[in-house]
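Presented below is the structure to which this report refers.
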Amino acid sequence: MTATLLPIPDDPRFAQWVELWPRVEAEWRPWPRSHWLMVYERLLREFYPSANSASLKLTARHHAPFPLALGPSVP
């Protein structure tokens, strides 16, 4: 299954979630990055219900406001 970078919908929740990263990092323990990515993928699922998991993961990782071990373009 191939991952495709999905366009971000015109919904303010995406930008708001990116801006909230410092708060998530400070308050959500033990895995703030996993939590942030999970919520971003859940938001994407609302707009792309038939998207595969790899595409949702790739898109969330691409837009993450923090560094990722394998880089942002790895699903």
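From the residues in segment 21-56 that are assigned to a loop (DSSP other than H, G, I, E, B) and farther than 18 Å from L68 by Cβ, which one is modelled with the lowest pLDDT?
Taking the candidates together, the pick is R29.
Would segment 45-59 turn up any residue that is of a type in the set (V, I, T) and surrounded by fewer than 17 Cβ atoms within 10 Å (Cβ to Cβ)?
The answer is no, given that none of the residues of segment 45-59 is of a type in the set (V, I, T) and surrounded by fewer than 17 Cβ atoms within 10 Å (Cβ to Cβ).
Hey, could you check segment 1-19 for residues that are in a helix (DSSP H, G or I) and in contact with a helix residue (DSSP H, G or I) (Cβ under 9 Å, 6 or more places away or on another chain) and say which is surrounded by the fewest Cβ atoms within 10 Å (Cβ to Cβ)? Steps first, answer last, please.
Going residue by residue through segment 1-19, those that are in a helix (DSSP H, G or I) are 12-19.
Cutting the leftovers down to in contact with a helix residue (DSSP H, G or I) (Cβ under 9 Å, 6 or more places away or on another chain) gives us 13-14, 17-18.
On the way: R13: 12, F14: 16, W17: 18, V18: 14.
Top of the filtered list is R13.
Using beta carbons and a limit of 6 Å, which pairs, at least six apart or on different chains, have the first residue in segment 13-37 and polar (S, T, N, Q) and the second one in a helix (DSSP H, G or I)?
none
Scan (1) surrounded by fewer than 14 Cβ atoms within 10 Å (Cβ to Cβ); (2) in contact with an Asp or Glu (Cβ under 7 Å, 6 or more places away or on another chain) for the single condition P22 breaks and write down its number.
The one condition P22 does not meet is (2).
The values are calculated or read from the model by the stated rules, or taken from the named source; none is laboratory data. Keep in mind the model is a prediction, meaning the values are calculated, not measured. Quick reminder, even Gly has a Cβ in these numbers, built from the backbone with ideal geometry, and neighbours come from all protein chains shown.
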